[in-house]
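We did not get these values from a lab; they are worked out from the coordinates using the rules stated. If you're wondering where the values come from, they're calculated on a predicted model, not measured in any experiment. Methodologically, a virtual Cβ is constructed for each residue, glycine included, from the backbone with ideal geometry; neighbour enumeration extends over all protein chains shown.
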Amino acid sequence: MKEEVLTAKEASKMLGLGLCQIYYGCERGQIPAVKVGRRWLIPRAALNHWLSHCALPSRNSDQDSSARPAPWVRRGVEDTESHATSWGETP
């Protein structure tokens, strides 16, 4: 029988995301989770429901400006360069 709840580490492995990304999503309410003490518990049914109903950007997302990556996804090189110049560093 499968566990009814996942730990952050198990969810990280299942989703193929880094552990920090899972914690970030849980803290921001972007991933359905419950904090018990210092641990995040993610109900498997809620996670599966969330995955099946969340809007994932398509490969042709250039035409759809409303499709944006989740906030915990790393920024591309062009985004980090703009931040570097805004901090006074040279790109």
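Over segment 1-54, the ratio between the Cα radius of gyration and 2.2 N^0.38 Å evaluates to 1.01. A Förster distance of 22 Å, applied to the separation of the beta-carbon atoms of Cys20 and Ala46, puts the FRET efficiency at 0.60.
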